[in-house]
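Quick note: the coordinates plus some simple rules give every number you see, no bench work behind them. Keep in mind the model is a prediction, meaning the values are calculated, not measured. All Cβ positions, even for glycine, are placed from backbone atoms using ideal geometry, and neighbour counts span all protein chains on display.
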Amino acid sequence: MMRIALLLLAGAVSTQAITLVENGQSRYRIVIPANAIASERYAAEELQRYIEKISGAKLPIVTATDKPTDYEIRLGDNTQAPRSADAFTICTGRNRLVIAGGRPRGTLYGVYALLEERLGVRWFAPDCESVPKLTRVTLPSLDETQVPPLEYREVFWSEMLHNADFAARHRLNGANYRLTDKHGGRAVVYHPFVHSFDALIPPALFKEHPEYFPEIKGKRVGGYVQRCLSNPDVLKLAIAGVRRWIKEHPDANIISVSQNDTINNCQCAQCKALDDAEGTPMGSLLKFVNAIAAGIEKDYPNVRLDTLAYQYTRKPPKTIRPRRNVIVRLCSIECCFAHPLESCPSSKNQRFRDDIVAWQPVAPLLYVWDYTTNFAHYQQPFPNFDALQPNVQFFVKHGVKGLFEQGNYSGGGHGEMEPLRAYLLAKLLWNPNTDVKRHTDEFLAGYYGASAGKIRAYLDLLHSQVRGKDVHAHIFDSSKAAYLNDAFVAAADKLLEGDDPRLEVARLPIWYLQRPIPLAKFLAVARRAGISNISEGQTLDAWAAKQAKAK
């Protein structure tokens, strides 16, 4: 790669293997640009920190000078870096290592890729990392560039949400992380995040202006409903509201103009005529969002609008197309997650699959809101591991640029097999073709230690309940789901016997299914693990009180 060879100075035109540390000693220093931004300085600190953990050698961090030395790790020379904010190039040559990344995150991500992919560092969970101990640290000849296929990557699980360093180390750039300047910030900043109609056109207006609200069965209806999207005054209010939000939240680069989390859409003559002509209620919604987007585009060219293709609006219109500053975000809420979307025979999966394929040629900015746990029962076994990689690959193949993988986002986390899911999803969002089996094996060994074999056996047993069968898993399944039969519960309980603390947390889902629930030991382990919620809408303490009362 000739452009990187220029960085290696003194006429170097080829890559070569280098030795960074020998017998705990190093001649190398880490060089950052004189105008280094916060994330590039942090990248140098992280590289220094982990090389010292690996080898005992603490490399000095210096600012670039006119007289380079013969042994340097050069970070963040952005004149030669990829343009993408998250992409990076790693190259070796003439005893030098260069990590040149796009701003603001590329160089930091390049450092993490080097540590993980070349030096063997693993970040399994916020409280579990693996760092090899080496007296000699060498790198092979390197000349590689990584550009993630997804511009927006968000694993919406507690492990990532509550630990910004951990999220950044997995190269996640989502809207809800606590990422600061040192992490390169967030790629997308929403306001609000979703379901914004009530905030945009307040329900209190119904009393004086029922015409702003949907006509359903011949009558204007208030409450938690959609809006009359063909009403010109609603459009004027919405444009003014979006402009106000942009001024109040100048850091936001995506404004949500999205339907409420209900059906209740307008059936007035104007809305219905457009929807009928376009073959979908998305017709009136997308026309409305496009008009707002046109109304702000000149003054705010870097702000995009985000709207949902969700439930009744998921099918694309026949002729209306999203403007270039409009993101369409599809939601897979109805789907089966036991089998890959592309091959599952479920009619719900077939419809969602068809909708993704239909949107691909008409939506230049396509995001997906995906679901990766049972929201009614965080502790209930959920056999979705077989579908994680094929689904991410399917999305990327069909033009999706942003993925939001929703899971257990409660304060305490630790839903069923949560740390493993969060870890694998992070790997997949960066590289959909990554080796999931290797990552799984490494995680089980690193996180569960001697109990890894038991966890592997449990996962195989769980997924055998749905593999190759007409048995499907949805995100609100009850404990009576076919894949949670008595034989499975008994076999899984035996497999997970043991007193290892992490194994006991992994066993909670089986105790959760037993009748009667062994409440005392369930609560003892759950509280020791810090679990706060038993479901999306119920805390552990509230659930425990109900269980105790029912005895």
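Could you work out the helix-only [θ] at 222 nm for the chain, with each DSSP H run of four or more residues adding -39,500 (n - 2.57) and the total divided by the number of residues, to the nearest 500 deg cm²/dmol?
-10500 deg cm²/dmol
Provide the FRET efficiency to the nearest 0.05 for the Arg27-Asp276 pair, computing r from the beta carbons and using R0 = 56 Å.
0.15
Using a Förster radius of 35 Å, what is the FRET efficiency between Ala529 and Asp181 based on their Cβ-Cβ separation? Nearest 0.05, please.
Here the calculated transfer efficiency is 0.60.
Counting pairs of alpha carbon atoms under 8 Å apart in space and at least six apart in sequence, what relative contact order in percent does the chain give?
Rounded, it is 11 percent for the chain.
Give, as ranges by residue number, the residues of region 453-468 whose backbone N falls under 17 Å from the point 7 Å along Cα→Cβ of Ala482.
Once the point is set 7 Å along Cα→Cβ of Ala482, 462-468 turn out to lie under 17 Å by backbone N, inside region 453-468.
Amide H to amide H under 5 Å from Thr138: which residues, 5+ apart in sequence or cross-chain, H placed 1.01 Å off N in plane?
The list, which skips near neighbours in sequence, is Leu20.
I'm a student and want to see the number: the projected area of the Cα convex hull of the chain, averaged over all directions, in nm².
28.4 nm²
Once you sort the root eigenvalues of the Cα gyration tensor of region 40-172 as a ≥ b ≥ c, which label holds: rounded (a/c under 1.5), prolate (a/b larger than b/c) or oblate (the other case)?
oblate
Give, in nm to one decimal, the length gained when the segment between Asp435 and Ala490 is fully stretched (0.36 nm per residue of separation minus the Cα-Cα distance).
16.6 nm
Can you give me the distance in nm between label points at Glu117 and Ala64, each placed 7 Å from the Cα along the Cα-to-Cβ direction?
For Glu117 paired with Ala64, the spin-label model returns 2.3 nm.
Along Cα→Cβ, 7 Å out, is where each label goes; now give me the distance between the ones at Val471 and Phe193 in nm to one decimal.
3.4 nm
Of the listed pairs Lys207/Lys247; Lys480/Lys551; Lys427/Lys521; Lys272/Lys401, which have alpha-carbon separations greater than 24 Å here?
Flagged as over cut-off: Lys207/Lys247; Lys427/Lys521; Lys272/Lys401.
What is the antiparallel percent of DSSP beta bridges lying wholly in the chain, to the nearest 5?
Percentage antiparallel, nearest 5: 40.
So which trypsin sites (Lys or Arg not before Pro) in region 86-194 end up in coil per DSSP with only 15 or fewer other C-beta atoms within 10 Å?
Lys133, Arg178
To make sure I understand, if each residue's beta carbon is the centre and we count other beta carbons within 10 Å, what order do His195, His170 fall in, fewest to most?
His195, His170
Within a 10 angstrom radius of the beta carbon, how do Glu416, Glu46 rank from fewest other beta carbons to most?
By the 10 Å Cβ count, ascending: Glu46, Glu416.
Please say if region 189-312 is rounded, prolate or oblate, where rounded means a/c under 1.5 for a ≥ b ≥ c the square roots of the C-alpha gyration tensor eigenvalues, and otherwise the choice is prolate for a/b larger than b/c and oblate otherwise?
Cα axes put region 189-312 in the prolate bin.
I'd like the distance between the alpha-carbon centres of region 43-105 and region 155-221, rounded to an integer number of Å.
36 Å
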